[in-house]
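Working notes, beginning with the structure itself.
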Amino acid sequence: MDDRLDEWFDDANGDLAVGDLVSAVEKYRRCVELDPSFFDGWHALGMALMKTGNLKEAIGAGLMATTLRPNDLLAWTALSQMYVKGGQIAEAEDAKGKARILSLGGRVVREEHSP
């Protein structure tokens, strides 16, 4: 991982730990700008945005996380929570269903194996 990305992510986590959500969100945004494929950055950004009440953007970040790792239980669980807070119950139930499949050892997306 890029040293700058590592520093921004660690700083954002520190801000989150002390309750400075605005600063954490800014730093998580920098992380995903530096590396748009950074799953942990998208997941953390979504959770921090949800805590600040910015649900539309939180859902967008949550969707990025599930796109990057479609078989990640935590990502689907978090996305379901975001949808619930946003009043999007059908979407929340769908995300919860995917989380349930994963919790039982299934897969949402079948991973291809190269020969």
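The values are calculated or read from the model by the stated rules, or taken from the named source; none is laboratory data. All of these numbers come straight from a predicted model, not from anything done at the bench. Heads up, the Cβs are rebuilt from the backbone with ideal geometry, glycines too, and the neighbour counts pull from every protein chain shown.
Where helices (runs of 4 or more DSSP H) fall wholly inside the stretch 17-115, the ranges with 3 or more residues that are within 24 Å of residue 6 (Cβ to Cβ) are 21-34, 39-52, 55-68, 73-85.
Touching a helix residue (DSSP H, G or I) at 6+ places or on another chain (Cβ under 8 Å), within 30 Å of residue 101 (Cα to Cα) and not hydrophobic (A, V, I, L, M, F, W, C), is that true of residue 53? So residue 53 does not fit the description; no. Contact map, the stretch 2-20: residues that are surrounded by 18 or more Cβ atoms within 10 Å (Cβ to Cβ) paired with residues that are among the aliphatic types (A, V, I, L, M) and outside any loop (DSSP other than H, G, I, E, B), Cβ distance under 6 Å, separation 6+ or inter-chain. Pairs shown: 5/34; 12/24; 15/24; 16/24.
Scanning the stretch 41-54 for residues that are surrounded by 18 or more Cβ atoms within 10 Å (Cβ to Cβ) and either without any contact (Cβ under 8 Å) to a residue 12 or more places away in the chain or of a type outside the set (Phe, Trp, Tyr) (or both) turns up 41, 43, 44, 45, 46, 47, 48, 49, 50.
Taken together, the residues in the stretch 18-40 that are under 17 Å from residue 58 (Cβ atoms) and touching an Asp or Glu at 6+ places or on another chain (Cβ under 7 Å) amount to 3.
Filtering the stretch 1-47 to residues that are closer than 21 Å to residue 72 by Cα and more than 17 Å from the chain's Cα centre (by Cα) leaves only 1. Going by the structure shown, is residue 69 touching a Phe, Trp or Tyr at 6+ places or on another chain (Cβ under 6 Å), closer than 26 Å to residue 110 by Cα and among the basic types (Lys, Arg)? Criteria met by residue 69. Within the option set 17, 78, 90, 12, being in contact with a Lys or Arg (Cβ under 9 Å, 6 or more places away or on another chain) and at pLDDT 95 or above holds for one residue only, 12.
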